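Enquirer: This is the structure I have questions about; it appears just below.
The values are calculated or read from the model by the stated rules, or taken from the named source; none is laboratory data. Model, not experiment: these values are computed from the prediction. Here the Cβ positions follow ideal geometry from the backbone for every residue, glycine too, while neighbour counts run over all protein chains shown.
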Amino acid sequence: MSKSDLVNYIAEEAGLTKADASRALEAMMNGVVKGLKEEKKVTLTGFCTFASKHKEAKMGRNPRTGETVKIAAREAVTIKAGSKLKEALN
């Protein structure tokens with residue numbers, strides 16, 4: 001499902017205009033990003049948990065040339081499915 005498909009779905013389900021649904025989705029995504037930056041974790045009970053995890057710098061290898069390269073430290077995001085999401089898929 002693409003972002004525009006999701007906006008259309010939200011608009012239909014919630015009785016919103018597509019513009020309002022798009023703004024709501026953007027606000028939700030911005031809230032998740034803000035939560036990850038400030039608190040390192042966002043929990044949508046029953047649906048999923050987003051968590052920010054620091055990855056240390058490490059050495060890697062370019063598969064094409066075999067050359068060793070340094071991979072910079074970074075923040076990565078993990079997503080863990082909640083119970084309601086798991087139940088809905090099974």
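Enquirer: Among the listed residues 29, 1, identify the single one that is exposed (fewer than 10 other Cβ atoms within 10 Å of the Cβ) and aliphatic (A, V, I, L, M).
Expert: Details: 29 fails: exposed (fewer than 10 other Cβ atoms within 10 Å of the Cβ).
That would be 1, the only listed residue that is exposed (fewer than 10 other Cβ atoms within 10 Å of the Cβ) and aliphatic (A, V, I, L, M).
Enquirer: Residues 72, 24, 11: which one is on the phi < 0 side of the Ramachandran plot and assigned by TED's automatic domain parsing to the domain that holds residue 89?
Expert: The match here is 72.
Enquirer: Here is a further query. If you take the residues of the stretch 59-72 that are under 29 Å from residue 32 (Cβ atoms) and surrounded by 10 or more Cβ atoms within 10 Å (Cβ to Cβ), which of them is farthest from the chain's Cα centre (by Cα)?
Expert: Filtering the stretch 59-72 for residues that are under 29 Å from residue 32 (Cβ atoms) and surrounded by 10 or more Cβ atoms within 10 Å (Cβ to Cβ), the one farthest from the chain's Cα centre (by Cα) comes out as 60.
Enquirer: Among the candidates 62, 8, single out the residue that is more than 23 Å from residue 81 (Cβ to Cβ) and touching a strand residue (DSSP E or B) at 6+ places or on another chain (Cβ under 9 Å). Write out each step before concluding.
Expert: Values: 8 fails: touching a strand residue (DSSP E or B) at 6+ places or on another chain (Cβ under 9 Å).
Residue meeting the stated conditions: 62.
Enquirer: On to the next question. Give me the pairs, please: first residue somewhere in the stretch 62-90 and in a strand (DSSP E or B), second residue anywhere and β-branched (Val, Ile, Thr) and surrounded by 10 or more Cβ atoms within 10 Å (Cβ to Cβ), beta-carbon distance under 6 Å, and either six or more positions apart or on two chains.
Expert: The qualifying pairs are 80/49.
Enquirer: Within the stretch 1-21, track down each residue that is farther than 24 Å from residue 51 by Cα, among the small types (Gly, Ala, Ser) and either assigned to a helix (DSSP H, G or I) or within 16 Å of the chain's Cα centre (by Cα) (or both).
Expert: Residues of the stretch 1-21 farther than 24 Å from residue 51 by Cα: 4-5, 7-21.
This time we only want the ones that are among the small types (Gly, Ala, Ser), so: 4, 11, 14-15, 19, 21.
Listed by number, the residues that qualify are 4, 11, 14, 19, 21.
Enquirer: Right, next: Tell me which residues, restricted to the stretch 32-52, are surrounded by 12 or more Cβ atoms within 10 Å (Cβ to Cβ) and either of a type in the set (S, T, N, Q) or in a strand (DSSP E or B) (or both).
Expert: The initial filter retains those residues of the stretch 32-52 that are surrounded by 12 or more Cβ atoms within 10 Å (Cβ to Cβ), namely 32-33, 35-36, 40-44, 46-52.
Once the filter is applied, which keeps residues that are surrounded by 12 or more Cβ atoms within 10 Å (Cβ to Cβ) and either of a type in the set (S, T, N, Q) or in a strand (DSSP E or B) (or both), the stretch 32-52 yields 41, 42, 43, 44, 48, 49, 50, 51, 52.
Enquirer: Moving on. Answer with yes or no whether residue 36 is in contact with a strand residue (DSSP E or B) (Cβ under 9 Å, 6 or more places away or on another chain) and modelled with pLDDT under 95.
Expert: Numbers: in contact with a strand residue (DSSP E or B) (Cβ under 9 Å, 6 or more places away or on another chain): yes; modelled with pLDDT under 95: no.
In short, no.
Enquirer: Pick from the stretch 69-90 the residues that are of a type in the set (Val, Ile, Thr) and either in contact with a Lys or Arg (Cβ under 9 Å, 6 or more places away or on another chain) or modelled with pLDDT under 95 (or both): which of them is farthest from residue 46 (Cα to Cα)? Walk me through it before giving the result.
Expert: The first filter runs over the stretch 69-90 and keeps only residues of a type in the set (Val, Ile, Thr), leaving 69, 71, 77-79.
Narrowing the set further to residues that are either in contact with a Lys or Arg (Cβ under 9 Å, 6 or more places away or on another chain) or modelled with pLDDT under 95 (or both) leaves 69, 71, 77-78.
Details: 69: 41, 71: 35, 77: 19, 78: 16 Å.
Applying the filter and picking the extreme gives 69.
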